[in-house]
Amino acid sequence: MLRIVIVLLLVFVFALGASLGYFNAEHVTFHYVFGTVDVSIAVLVIVSFIAAALLTLLLCGLRMLGLHRDIRRLRKQLRDAETELKNLRNLPLAMDR
């Protein structure tokens, strides 16, 4: 059932993209830092989407690396605390009488 929904969603997104390309076929002049280029609006939207997706993946990947580093540090702290607790439990009790 979930696969059918995913496939239908992908078909819908593909159809939406195809219609975007069909109905926006006129060319525009895109000015960027190093010059200008004449492209269709659909190509410009697709390239912008891909650039944004790649930038998002890069930023999220860097954040994930930082979180994994924190997880390793916290696991080491937990392991050390468990070792200390085990050692404290194995100490003999001192009787002051």
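Readers should treat all values here as calculations from the given coordinates under stated rules, not as data from a laboratory. It should be emphasised that the depicted structure is a prediction, and the values quoted were computed from it without experimental measurement. When we count neighbours, we look across all protein chains shown, and the Cβ atoms used for this are built from the backbone with ideal geometry, even at glycine.
Results, tabulated for the structure shown:
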{"quantity": "Entry for Rg/Rh (Cα atoms, Kirkwood Rh) (calculated from the structure that is shown) out of (i) 1.46; (ii) 1.27; (iii) 1.10", "calculated": "(i)"}
{"quantity": "Relative contact order of region 20-87, defined on C-alpha pairs under 8 angstrom at six or more residues apart (%)", "calculated": "19"}
{"quantity": "Selection from 8, 93, 54, by position along the positive dipole direction of the chain (Cβ)", "calculated": "93"}
{"quantity": "Given charges at beta-carbon only (K, R positive; D, E negative), |dipole| of region 20-87 in Debye", "calculated": "620"}
{"quantity": "Efficiency of FRET between residue 45 and residue 81 - r from beta-carbon atoms, R0 35 angstrom, step 0.05", "calculated": "0.10"}
{"quantity": "In nm, spacing of pseudo-spin labels at residue 88 and residue 31 (7 Å Cα→C-beta vector)", "calculated": "6.8"}
{"quantity": "In degrees, nearest ten, helix 41-89 long axis to first principal axis of the chain (Cα)", "calculated": "0"}
